[in-house]
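The values are calculated or read from the model by the stated rules, or taken from the named source; none is laboratory data. Computed from a predicted model, the values in this text were never measured in an experiment. For neighbour counting, all protein chains shown are included, and Cβ atoms are generated from backbone atoms with ideal geometry for every residue, glycine included. Only protein heavy atoms, including side chains, enter the accessible area calculation; ligands, DNA and RNA are left aside. Shrake-Rupley method; radii C 1.70, N 1.55, O 1.52, S 1.80 Å.
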Amino acid sequence: MENLLSFWRKGSVRSLTYQWGLVVVIICGMFWVYDIATTNMARLGLKTGFDFLTDEAGFPISPALIDYSPRSTYIEAMIVTLLNTIFLSLIAIILATILGFFIAMFKLSSNLLLRKFGNGYVEVFRNVPLLLQLFFWYFAALKMLPMKRSSISFFDVAFLNIEGFFIPLPILEGGAEFVAWAVLIATLISAIIWAWAKHRQKNTGQPFPSLILGAGLIILLPLLVAWVLDFPVTWEVPKFGRFNFEGGTALEPEFTAMVFGLTLYNAAFVGEIIRAGIQSVDKGQKEAAGSIGFTNMQTYSQVIVPQAMRFIIPPITNQYLSLAKSTALAGAIGYADFFWAMDGAIAPQTGQVMELQAITLAGYLGISLFIAMLMAIYNHMTRIPER
Amino acid sequence: MEPILAPFKMPQPAPYQSKGLLGWLRINFFSSWFNSLITLVLIYIIFNLANFLIHWAFINAVWFGDSAKSCPDINAACWAFVTDRWRLFVYGLYPSELYWRVNIVYALAALTIISFLYSYGRWTKYFRITMIIIFPITAYIFLVGDAFDLKYVAPEEFGGLLLTLVIASIAILGSIPLGLILALGRTSDLKVISKVCTYFIEFWRGVPHIVIIVMFVALLPIFIPDGAGIDVVVRAFIAFAAFNSAYMAEVFRGGLQSIPIGQFEASRAIGMSYWKMMGYIILPQAIRNSIPALMNTCIMIFKETTIVMLIGFSDLLGIIQISLESSDWIGPPHIFSSAYTFAALIYFIFTFGMSKYSRRLENRSNIEQQ
């Protein structure tokens, strides 16, 4: 007995017991749940298996980035709506970051009124539920827009009305691929110049204006090629015909409302993150940079921002993840996103909720992991090497 | 060589440009031509916005009425919708002769909040602990009933602000203990336990909340033995507590990581067991450090309760949406914007109050530490 007790008191024995105990409990629990699930599913007469994926979907998906018709299969419907979700997240992430940057600048400004304005923006948009904001944009704000005949016109090339935002569409002609090649080549050359300049600055301390040169190259070379080829791109401008707009493309109100809501809501959080990151850099850093003759611009780009990034990246990754996940609310205002397709369209038709739930979870986990991975790579690239 | 001494100067008075009201204005609003431009543009924008809002919300607004016809002006707020339906928004479908029970719960909730807002000398602690214990029990008895001669009211009949507050409180109170356990598991030295907790947390955090709620509501009956039917409202409560515990776990993990390693080593060195070390030394400090993040998570949970309307519950937003689509009030979009403004104001009062409270706690703990 005494022996057994001292054996049990040994740390390694106890920790192994706890851990293996947990593993056994989890495995037993899984078998138990599996058993219950199979009995229940047999009792309810639910179909199982993934055969339905190649059946005809039969429902339309209105913003489709790739070819899709109601005659396509379920798996194609899933891919189309998953692309919609990714596209929406991407646009909203980019816009929210840009707007959030400005909000942060407002809050750091020396102008008291501008600071208060930024503060007010953050408090209002951060403290109201996202779903309510989406409803506001979709059911209230966008529904107040004029009818098609009296659209709000932006320089006669884009039109905003109750049925959506009508924008010009670029039409590619022969030779357009050369311009694309020019962009690619210019990017490659700039990357090489950037790497060489960095190497040289490390060894000799001589700076080289690689950023300006690269930007110029990427803009000018394709322009030159396009000019030589007599601009192989024409813009198809929407024109109001007898009853409807012809030409161009329309951003549907559902999409516009989602972009508005997601951008304005998340920009408040992004703005706070960027502001906190910049303020977390010690004041001495700015003063030191100033005292060795850095301009204000250089201080920010060479000293403050690189250090602030370390504080900004982890929370901003979480914000991007939360944004991507909140696109699942799109179904509430009728935008055809991944969750809408799975839960609102495919599940009622096929009844195979288990399989669909598994695919939904896998889809969103995939998006989350992808964003987390990208940000981890970026974080690795911009980290400050520690001695 | 003789050292060159700088001529001694008396401290100079502040330059006249930075003194007084004019100086304050110059520093804060007109420090450069660009700043002056921004100030003028902003004054113009804010003036127009305020002018519009005052006309929209007060001067032209319609305050009373019983249908969409009472609000013909599309450039004015339609508060008639709110004054006509406010009972529905506050009490949901709760039987109207039993409103007094809800009122008692609201009053108790207010008393609980008050107990945390102010300090009452040496009674503070007892007051708060009593309220924290009494409030959930009395709230349950009064809301659900079925005890002490109180009539039973099914949770399905909760609605409006009441449902929003009930879901938020259950999610917050349920996820804190679960989150604490998960955080302890994740930071544990036992590799397997730490891995299991990590995967559990990351799984919930990687999936949209609406997906989880739909999963629980639609699929939970398949995973439990037949006969043990769980009410659909309770399923939603479980879902909320489940995924929010993952967020809470991350909050507490942050708090645990902020404790210097010396604290762990010192408690071990004087022979404390793991649970004694956690209970007496680490957790009291870690929980105090995680209060700001905890309050942020509470705000997030409160806002997230709106998604229950997507599975057919009538929380505050849900019941407003239903009322907007009822035959009396269906109409032009300006009624929608008034209703959403009202809802936003209610949510704002709660979330803004919570964030102000958290900032006060933070300031106080900063002062205590100095």
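Taking the condition of being open to solvent by 50 Å² or more (accessible area, probe 1.4 Å), more than 8 Å from chain B (Cβ to nearest Cβ) and under 28 Å from A:PHE50 (Cα atoms), how many residues in the stretch A:365-384 meet it? Spell out how you get there, then give the answer.
Within the stretch A:365-384, the subset open to solvent by 50 Å² or more (accessible area, probe 1.4 Å) is A:369-370, A:373-374, A:376-381, A:383-384.
Of the ones still in play, those that are also more than 8 Å from chain B (Cβ to nearest Cβ) are A:370, A:373-374, A:376-381, A:383-384.
Next, only the ones that are under 28 Å from A:PHE50 (Cα atoms) stay: A:370.
Total meeting the criteria: 1.
Restrict the check to the stretch A:56-68 and report whether at least one residue is within 14 Å of chain B (Cβ to nearest Cβ) and either within 25 Å of A:LEU365 (Cα to Cα) or over 30 Å from the mean Cα position of the chain (by Cα) (or both).
Looking only at the stretch A:56-68, we keep the residues that are within 14 Å of chain B (Cβ to nearest Cβ), and these are none.
No, the stretch A:56-68 contains no residue that is within 14 Å of chain B (Cβ to nearest Cβ) and either within 25 Å of A:LEU365 (Cα to Cα) or over 30 Å from the mean Cα position of the chain (by Cα) (or both).
Could you please find all residues in the stretch B:99-128 being farther than 14 Å from B:TYR357 by Cβ, part of a helix (DSSP H, G or I) and open to solvent by 50 Å² or more (accessible area, probe 1.4 Å)?
Once the filter is applied, which keeps residues that are farther than 14 Å from B:TYR357 by Cβ, part of a helix (DSSP H, G or I) and open to solvent by 50 Å² or more (accessible area, probe 1.4 Å), the stretch B:99-128 yields B:TRP100, B:ASN103, B:ILE104, B:TYR106, B:ALA107, B:LEU111, B:GLY121, B:ARG122, B:TRP123, B:LYS125, B:TYR126, B:PHE127.
Taking the stretch B:302-334 as the search range and keeping residues that are at negative phi, without any contact (Cβ under 8 Å) to a residue 60 or more places away in the chain and open to solvent by 50 Å² or more (accessible area, probe 1.4 Å), which one is nearest to the other protein chains (Cβ to nearest Cβ)?
The qualifying residue nearest to the other protein chains (Cβ to nearest Cβ) is B:GLU325.
Select, from A:ALA362, A:ALA330, the only residue that is open to solvent by less than 10 Å² (accessible area, probe 1.4 Å), assigned by TED's automatic domain parsing to the domain that holds A:PHE135, under 20 Å from the mean Cα position of the chain (by Cα) and modelled with pLDDT of 85 or more.
From the options A:ALA362, A:ALA330, the qualifying one is A:ALA330.
Scanning for something over 30 Å from B:THR164 (Cα atoms), open to solvent by less than 40 Å² (accessible area, probe 1.4 Å), at pLDDT below 80 and out of contact with any His (no Cβ under 9 Å at 6 or more places or on another chain), does the stretch A:188-199 turn up at least one residue?
no
Filter the stretch A:148-180 down to residues that are more than 30 Å from A:ILE219 (Cα to Cα) and open to solvent by less than 30 Å² (accessible area, probe 1.4 Å) and give me whichever is nearest to the chain's Cα centre (by Cα).
Among those residues, the one meeting the criterion is A:GLY164.
Of all the residues that make up the stretch A:105-123, how many are more than 9 Å from chain B (Cβ to nearest Cβ), open to solvent by less than 50 Å² (accessible area, probe 1.4 Å) and within 24 Å of B:CYS298 (Cα to Cα)?
Qualifying residue count for the region: 4.
Within the stretch A:124-147, identify whether any single residue is farther than 30 Å from A:ASN244 by Cα and open to solvent by 60 Å² or more (accessible area, probe 1.4 Å), and answer yes or no.
Yes, there is a match, as at least one residue in the stretch A:124-147 is farther than 30 Å from A:ASN244 by Cα and open to solvent by 60 Å² or more (accessible area, probe 1.4 Å).
Could you name every one of the helices (runs of 4 or more DSSP H) located completely within the stretch B:184-300 that has at least 3 residues being without any contact (Cβ under 8 Å) to a residue 12 or more places away in the chain? It would help to see each step written out before you state the result.
Numbers: elements: B:191-205, B:209-223, B:232-257, B:261-269, B:283-289.
Hits in the stretch B:184-300: B:191-205, B:209-223, B:261-269.
Could you check how many residues of the stretch A:268-309 are closer than 26 Å to A:LEU99 by Cβ and among the basic types (Lys, Arg)?
Summing the residues that are closer than 26 Å to A:LEU99 by Cβ and among the basic types (Lys, Arg) in the stretch A:268-309 gives 2.
Return the pairs, sorted by first residue and then second, in which the second residue is β-branched (Val, Ile, Thr) and surrounded by 16 or more Cβ atoms within 10 Å (Cβ to Cβ), the first residue lies in the stretch A:292-308 and is closer than 25 Å to A:HIS380 by Cα, the beta carbons are less than 6 Å apart, and the residues are 6+ apart or on different chains.
Once the first residue is closer than 25 Å to A:HIS380 by Cα and sits in the stretch A:292-308, its partners that are β-branched (Val, Ile, Thr) and surrounded by 16 or more Cβ atoms within 10 Å (Cβ to Cβ) give A:ILE304/A:VAL281; A:GLN307/A:VAL281; A:ALA308/A:ILE278; A:ALA308/A:VAL281.
Output the number of the condition that B:PRO15 fails; it satisfies all remaining conditions of (1) at pLDDT 80 or above; (2) touching a helix residue (DSSP H, G or I) at 6+ places or on another chain (Cβ under 9 Å).
It is condition (1) that B:PRO15 fails.
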